[in-house]
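The values are calculated or read from the model by the stated rules, or taken from the named source; none is laboratory data. All values reported here derive from a predicted model rather than from experimental measurement. When we count neighbours, we look across all protein chains shown, and the Cβ atoms used for this are built from the backbone with ideal geometry, even at glycine. Each accessible area value is taken on the protein alone, full model and side chains, heavy atoms only, with ligands, DNA and RNA left out. Shrake-Rupley method; radii C 1.70, N 1.55, O 1.52, S 1.80 Å.
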Amino acid sequence: MTTAVDLVPAALRAKVSREYHNLVDGRWVDSSSGRTFEDRNPASPSEVIATFPDSDARDVASAILAARKAFPAWMAKPAPERGAIIARAVAGMRERLEELAQAMTWEEGKVLAEARVEVNRGLNAMEFQAGEGRRLTGQTAPSEVPGVFAYTQRRPLGVVGLITPWNFPFAVPAWKLGPALVAGNTVVIKPAEQAPLSAQLIVEALHDAGLPPGVLNVVHGGPEAGKALVADTRIRAVSFTGSTEVGKLINRTAAEHMVKVQLEMGGKNACIVLADADLERAARDVVSGAFGSTGQRCTATSRVIVDRRIKAAFVARVVELARQTVKTGNGFVEGMVMGPLIDERALSRTEGYVATALAEGNTVVMGGTRASGAGLDQGFFFEPTILDGVRPQDTLNKEEVFGPVLAFLAADGLAEAIEIANSVDYGLSSAIYTRDVAAAFAYARQSEVGLLHVNCPTIYSEVHLPFGGIKDSGFGGREMGSTAMDFYTEWQATYLGYGG
Ligand code: NAD
């Protein structure tokens, strides 16, 4: 029988090191303590892919020192030249797209087709930001005084800290590193400890493309390293993607020393389906939105609020489609749609949410348990799961599961559907399926989210538009697009007197 270990491409295995290091001041170094942690394959957790330094405050301090030293020269380099280095790294990574995607499937578990899309998306984001090096424009303004020329320009902040999650282990580091560096900041990045290899490969590519020593530093590790980065008074900004719980902690610490924060956090994204919708299209998008990336997306469709008159038929169609199309298995196997969850904690958390839902009177109409058979019980696999009969006050309407669990709720008309959709603490993404333009616009006006979709899935976004949420989902400015530079730069107004 082919095992999960056999499925890892031999060429990839040969390329990936067994041991990785931090990058500090242009040198690859171990953690001060000598401690390491293991990056494991979630489809077969007994397999260790590589070890990484388990860093502490001393390692973070050395990285920040290096970044501070490198800042003046990097800031002085013309922005188009900074962009050109990023563009060179992107070109090199595009040629290795398959290898980068395979590395992600190995460490994070998502199916290879999705990993390819993610690498491409991460590279598109970096490419767009490399171009921003030529678009970092300011304004001129008429002065009140003759002989004074008044203008504004964007200035970099200094050393910025980036803290990233495991669920998009390539794209999130890519879309933060691009604008942070092109803006002229120097960087210390701490990738997620569950999937550090993808970020490591980006850092290596940027280093090889010619970033001067100290401009980009990577410090691997867990919360200890993350906390030390946020607590250091020498950083000027922190961009974080992860859980709302940690985001709130970071916000508190950063506020103490007036550090700018950008927080991209969880979601409880609703999809409203009205009776006049193209139900086939809606069903297809609900299935991909709920079960893509094993539901481990901040923008995953986790609630479907359906017009009561069509609910039974729509639930039946979604279940039928999910049964036909969502094949659960190892991400390296062609045709698989859903890989494993990231770790045992995520698996038991997901199980716990199903148990709570049952206790609250919700009904499982598909899945509901750990997946088994064909070697799946060795990894962190869970069945694609659908629950019906969820009410606005139930846990599944309120809390982020971050797994393949979809909740169905009923509403009597648009107004009630909007009320339910907005009745949560989160505000990242939402969707509505309807052919009624007035209903779509009413929803667009009232939906409390940063990303709104009409007849498109909640997971959809493009790298040249602002990305992020409101309420407990996002704080401190949008990522991606030109808006990314609003976070990574500060405006300076200059009054230049040239007259008598
Ligand atoms: P997490 O908050 O546990 O960890 C995220 C990162 O923060 C990791 O690098 C971790 O080591 C670090 N960290 C943990 N504790 C810290 C602390 N006290 N101080 C500083 N750093 C600390 O989140 P996770 O489980 O890795 O990711 C899942 C969460 O991320 C979900 O809630 C998901 O919705 C969210 N997410 C949001 C977006 C978005 O753009 N809105 C994108 C992807 C994921």
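The table below lists the values:
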{"read-out": "Stretch gain in nm, segment residue 10-residue 359, where the contour uses 0.36 nm per residue and the Cα spacing is subtracted", "value": "121.0 nm"}
{"read-out": "Label point distance in nm, residue 81-residue 495, each placed 7 Å from Cα along Cα→Cβ", "value": "3.3"}
{"read-out": "For the stretch 451-500, the spread of Cα positions along each principal axis, largest first, Å", "value": "62, 22, 15"}
{"read-out": "Of all accessible heavy-atom area on the chain, the percent that carbon and sulfur account for (1.4 Å)", "value": "54"}
{"read-out": "Helical segments meeting 15 Å axial Cα length and Kyte-Doolittle 0.0 threshold in the chain (DSSP H)", "value": "57-76, 79-95, 171-182, 197-208, 279-291, 311-325"}
{"read-out": "Per residue value of the accessible surface for the chain (all protein chains in place, 1.4 Å probe), Å²", "value": "39"}
{"read-out": "Volume in Å³ per residue [convex hull over Cα atoms, computed for the stretch 398-500]", "value": "171"}
{"read-out": "Normalised alpha carbon radius of gyration of the stretch 176-281 [divisor 2.2 N^0.38 Å]", "value": "1.38"}
{"read-out": "Ellipsoid equivalent to the chain - semi-axes via the Cα gyration tensor, in Å", "value": "39, 30, 19"}
{"read-out": "Ellipsoid semi-axes in whole angstrom, largest first, where each is sqrt(5λ) of the Cα gyration tensor of the stretch 269-462", "value": "27, 17, 15"}
{"read-out": "Full-extension gain in nm, residue 436 to residue 27, via 0.36 nm per residue minus C-alpha separation", "value": "141.4 nm"}
{"read-out": "Hits among lysines - C-alpha to C-alpha of residue 190 under 22 Å, sequence gap 8 or more where chains match", "value": "69, 110, 176, 227, 248, 260"}
{"read-out": "Relative contact order (%) - the chain, alpha-carbon pairs under 8 angstrom, separation at least six", "value": "18"}
{"read-out": "For the stretch 269-462: relative contact order, % (alpha-carbon pairs under 8 angstrom, 6 or more apart)", "value": "30"}
{"read-out": "DSSP bridge orientation in the stretch 269-462 - percent antiparallel, rounded to nearest 5", "value": "15"}
{"read-out": "Residue-averaged 222 nm ellipticity for the chain, from DSSP H runs of 4+ at -39500 (n - 2.57), nearest 500", "value": "-12000 deg cm²/dmol"}
{"read-out": "In nm, spacing of pseudo-spin labels at residue 275 and residue 444 (7 Å Cα→C-beta vector)", "value": "2.5"}
{"read-out": "Alpha-carbon centroid distance for the pair the stretch 217-257 / the stretch 139-205, whole angstrom", "value": "15"}
{"read-out": "The chain, dipole about Cα centre (Lys/Arg Cβ +1, Asp/Glu Cβ -1), debye to the nearest 20", "value": "1020"}
{"read-out": "Cα centroid of the stretch 479-500 to Cα centroid of the stretch 290-332, whole Å", "value": "45"}
